[in-house]
Amino acid sequence: MSARIVEAYVGEYASGKSEVAVNRALEIARNGRKVNLVDLDIVEPCYTLRPIKKELEETGLNVIAWETKDTVGLGEAGNIIKPESRWALYREGDVILDIGYGVEGAKTLNLLEGVDETPELQVYVVLNTKRPMTSTVQDIVNYINELGPVHGLINNTHLGDETTPEVVQEGAQVIGEVSKILGIPVVATTAEQEVAKKIGTVDCMGNSVRSLVRYMPRTFW
């Protein structure tokens, strides 16, 4: 990894996009790179990076996100984008963007300055085939067609604590079919570290497997 990395993670509710984004940012940072992790989720204000911001910053990440003390009173009534987030693409170093869920959430990306001037930007869709809106090949194809430009797919099929390797592999097969139909590559399969260990370095479709440490269960406000 030498070129600048700029990645935006989008996905439906409970796809695990925030978990994938956080783990990706930490993975890049472990290689000695300067990384900016940007919380752009204004769809679900009670389930964001705020509660773990300081913990992540202690690892060396630059986390652009509200702190809970700054947003008391907003609750589920709404949220606003942190002003400095709008200029995140002009920050020195790599940039990982955690975007709000759903098609409407994905539109938040358009609020950033310099989107059209950032050729490195890659938009990755995190998919969980155990969720109702992304459970079939056709559901996923329809969903992605509404998102706008997408550069890669990530299989993050899971059932929380009940996730097994078989569950993940079933998702890999479904998303593999989506990849063929849309011509969009599968970037990786991601899974909680113990499950990932059982699957191995590649899934049943030949995609690389990335191990996840679960941070998001501690973030509910």
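The values are calculated or read from the model by the stated rules, or taken from the named source; none is laboratory data. Quick caveat, the model's predicted, so the values are computed rather than measured. Quick reminder, even Gly has a Cβ in these numbers, built from the backbone with ideal geometry, and neighbours come from all protein chains shown. Each accessible area value is taken on the protein alone, full model and side chains, heavy atoms only, with ligands, DNA and RNA left out. Shrake-Rupley method; radii C 1.70, N 1.55, O 1.52, S 1.80 Å.
Among the residues in the range 172-182, are any open to solvent by 50 Å² or more (accessible area, probe 1.4 Å), farther than 17 Å from ASP98 by Cβ and under 18 Å from the mean Cα position of the chain (by Cα)? No, the range 172-182 contains no residue that is open to solvent by 50 Å² or more (accessible area, probe 1.4 Å), farther than 17 Å from ASP98 by Cβ and under 18 Å from the mean Cα position of the chain (by Cα). Can GLU76 be described as at pLDDT 85 or above and open to solvent by 60 Å² or more (accessible area, probe 1.4 Å)? Criteria not met by GLU76.
Annotation note: of TYR101, TYR124, the sole residue that is at pLDDT 95 or above and aromatic (Phe, Trp, Tyr) is TYR124.
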